[in-house]
Amino acid sequence: QPFSEALLRPGVSLIAEHKRRSPSAGMIRDGSSVDEIVLAYERGGAAALSILTEPFHFGGSLDDLRAARAVTETPLLAKGFFSTEKHLRELRESGADAALLILADLDDETTARLMRQMGIAALGPKPRTTKPAPSIPTRCATRRSSGQTRSGRSISSSIRPPTAGRSRPSPCATS
């Protein structure tokens with residue numbers, strides 16, 4: 001519950017993100033260490049920290065998550081492309097308090113199963129129980145291999161059930 005509690009504090013709660021590189025910008029702060037960045041964010045008042053674990057596009061790893069956990073008790077959100085119970089178990093074992101699930105990459109049944117099996121409670125939009133509306137904004141849609149268009153929504157999920165939910169704006173509006 002540390003992740004959801006951190007976001008539910010009075011006032012603005014900021015989540016600071018550590019990523020080694022960006023597909024569009026290349027390397028970010030080359031030569032810096034995870035602990036250096038995480039501790040700076042903590043000193044700056046971050047309520048939670050987002051750690052990119054995706055290696056190919058963002059240069060992250062589970063080692064980055066472990067390094068962050070070794071130096072801070074601030075709640076950690078793992079970001080990457082997670083689709084199995086094994087992924088979520090590895091995140092929990094590596095120190096994550098929460099994981100970002102990208103709903104465009106998961107069908108509704110898989111999303112519901114993962115959340116149920118891992119005791120995950122949604123902090124963002126709930127998984128759909130019906131088909132998406134026919135008019136999905138182009139900037140929020142992704143093409144699946146079957147040719148189906150799925151909403152590009154994502155869901156931030158606490159690995160431990162939160163004490164209360166909070167409505168969040170759609171991440172489709174951001175880039």
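Structure notes:
- For the condition part of a helix (DSSP H, G or I), open to solvent by 10 Å² or more (accessible area, probe 1.4 Å) and touching a residue at least 60 places away in the same chain (Cβ under 8 Å), Glu5 qualifies.
- Test: Gly45 is in a loop (DSSP other than H, G, I, E, B), open to solvent by less than 60 Å² (accessible area, probe 1.4 Å) and closer than 22 Å to Glu93 by Cβ: no
- Extreme residue, surrounded by the fewest Cβ atoms within 10 Å (Cβ to Cβ), among residues of the range 53-94 that are among the aromatic types (Phe, Trp, Tyr) and within 21 Å of Leu114 (Cα to Cα): Phe81
- Failed item, numbered, when Ala70 is tested on (1) of a type in the set (Gly, Ala, Ser); (2) within 16 Å of the chain's Cα centre (by Cα); (3) at pLDDT 90 or above: (2)
- The set of residues from the range 83-97 being farther than 16 Å from Asp63 by Cα and in contact with a Ser or Thr (Cβ under 9 Å, 6 or more places away or on another chain) comprises Ser83, Thr84.
- When Ala68 is tested against (1) closer than 21 Å to Ser22 by Cβ; (2) free of Cβ contacts under 8 Å to residues at least 40 places away in the same chain, just one condition goes unmet, and that condition is (2).
- Lone unmet requirement of (1) open to solvent by 60 Å² or more (accessible area, probe 1.4 Å); (2) under 20 Å from Leu91 (Cα atoms) for Ser50: (1)
- Condition check for Gly26: over 27 Å from Thr110 (Cα atoms) and either buried (at least 22 other Cβ atoms within 10 Å of the Cβ) or without any contact (Cβ under 8 Å) to a residue 24 or more places away in the chain (or both): yes
- Residues in the range 49-84 that are among the aliphatic types (A, V, I, L, M) and not in a helix (DSSP H, G or I): 6 in all.
The values are calculated or read from the model by the stated rules, or taken from the named source; none is laboratory data. Just so it is clear, the structure is predicted and the values come from calculations on it, not from any experiment. Backbone-built Cβ (ideal geometry, glycine too); neighbour counts: all protein chains shown. Side chains are part of the model used for accessible areas, which takes the heavy atoms of the whole protein and leaves out ligands, DNA and RNA. Shrake-Rupley method; radii C 1.70, N 1.55, O 1.52, S 1.80 Å.
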